[in-house]
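First comes the structure, then the notes that go with it.
The values are calculated or read from the model by the stated rules, or taken from the named source; none is laboratory data. This one's a predicted model, so the numbers in the text were calculated from it and none came from an experiment. Every residue, glycine among them, receives a Cβ derived from its backbone with ideal geometry; neighbour counts consider all protein chains shown. Just so you know, the surface numbers come from the protein's heavy atoms only, side chains and all, with ligands and any DNA or RNA stripped out. Shrake-Rupley method; radii C 1.70, N 1.55, O 1.52, S 1.80 Å.
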Amino acid sequence: MAEKVPVALFVNGENRQVLVDPRQNLLQTLRADLGLTGAKCGCGHGVCGACTVLIDGEAVLACLALTVAQAGREIGTVEGLADDEASAALVQAFVDCGALQCGFCTPGMIVAARALLQRNPRPTVEEIRHGLGGNVCRCTGYVKIVDAVRTASGAVQP
């Protein structure tokens, strides 16, 4: 077992100190060390998108990001989006459009959609599909998820 190292993280607007194994991924740190359980471990291999977080404003798969490499970077989780008006509108659009069923993928979808809308406030359907392409949902056919992102962007009314 490797010796643990201290890492200073900036998560959801707060400075946090953690002591981690240098091989520990960010998803493990967020969930086990910081109690932020919104990001989920779906596959653990960067395939499903359930662990999507924002790092310096970009959607990143936390299961593939080493914690030690995140020092000095701005990390945002779905929990940190709660105070953001645009994110609240996105969450409400998911509810209004029926874009969730079991809810397991929803945090990752919302974080990925938020990153997309920050880059492109008025995406087309194709741009939404591309922007969410790394996020898997096994319950829906994605139509309502795309509708929710379009609604949140103001492209359509619910």
Exercise. With respect to residue 128, is the statement that it is part of a helix (DSSP H, G or I), of a type in the set (Val, Ile, Thr) and at pLDDT 95 or above true?
Worked result: yes
Exercise. So, of the residues in the stretch 54-77 that are among the hydrophobic types (A, V, I, L, M, F, W, C), open to solvent by 40 Å² or more (accessible area, probe 1.4 Å) and more than 19 Å from residue 133 (Cβ to Cβ), which turns out to be nearest to the chain's Cα centre (by Cα)?
Worked result: 66
Exercise. How many residues does the stretch 93-123 contain that are more than 25 Å from residue 27 (Cβ to Cβ), open to solvent by less than 70 Å² (accessible area, probe 1.4 Å) and of a type outside the set (A, V, I, L, M)?
Worked result: 4
Problem set entry | Flag if residue 100 is touching a Ser or Thr at 6+ places or on another chain (Cβ under 7 Å), at pLDDT below 95, assigned to a helix (DSSP H, G or I) and under 22 Å from residue 129 (Cβ atoms) | no
Problem set entry | Test: residue 9 is crowded, with 20+ Cβ neighbours inside 10 Å and at pLDDT 95 or above | yes
